[in-house]
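Written below as structure tokens is the structure these notes are about.
The values are calculated or read from the model by the stated rules, or taken from the named source; none is laboratory data. Everything numeric in this text was worked out from a predicted model, so none of it was measured. Glycine also receives a Cβ, built like all others from the backbone with ideal geometry; neighbour counts cover every protein chain displayed. To get the accessible areas, we keep the full protein, side chains included, count just its heavy atoms, and leave off ligands, DNA and RNA. Shrake-Rupley method; radii C 1.70, N 1.55, O 1.52, S 1.80 Å.
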Amino acid sequence: MEFYFKNVGTKVHLYREAGLFDDDLGELKETFTGKLKTNKIFGENFELEDISGAFSKGQRYSIRSTKGLSGVLEKKTFSDRYTLKQT
């Protein structure tokens, strides 16, 4: 399963690859603690936390969803996509 970030206007959204049309999982907003969260009234919400080292920011994210998805997103080498490693 692959995820990616996409600018929609001035806001950043989280997307999940889903065949022909990808799923827009919602707008990412930064919390006071530095985590990124989506907030949808209906549907699945996500929380991402950057777990990369100090010199590799944005390379790995811990991801959790309200529907039980959890794992680590790791950035692919020559792409802007992230692959999910479930835990």
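Numbers at a glance
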quantity: Failed criterion for Lys40 (all others in (1) under 16 Å from Arg81 (Cα atoms); (2) part of a loop (DSSP other than H, G, I, E, B); (3) touching a strand residue (DSSP E or B) at 6+ places or on another chain (Cβ under 6 Å) hold); calculated: (1)
quantity: Which numbered condition Asn39 fails, given (1) open to solvent by less than 40 Å² (accessible area, probe 1.4 Å); (2) within 16 Å of His13 (Cα to Cα); calculated: (1)
quantity: Filtered residues of the range 55-76 (kept if part of a loop (DSSP other than H, G, I, E, B) and either among the polar types (S, T, N, Q) or open to solvent by 40 Å² or more (accessible area, probe 1.4 Å) (or both)); calculated: Phe55, Ser56, Lys57, Gln59, Thr66, Lys67, Gly68, Lys76
quantity: Lys85 vs. criteria out of contact with any Pro (no Cβ under 7 Å at 6 or more places or on another chain), among the basic types (Lys, Arg) and not in a loop (DSSP other than H, G, I, E, B); calculated: yes
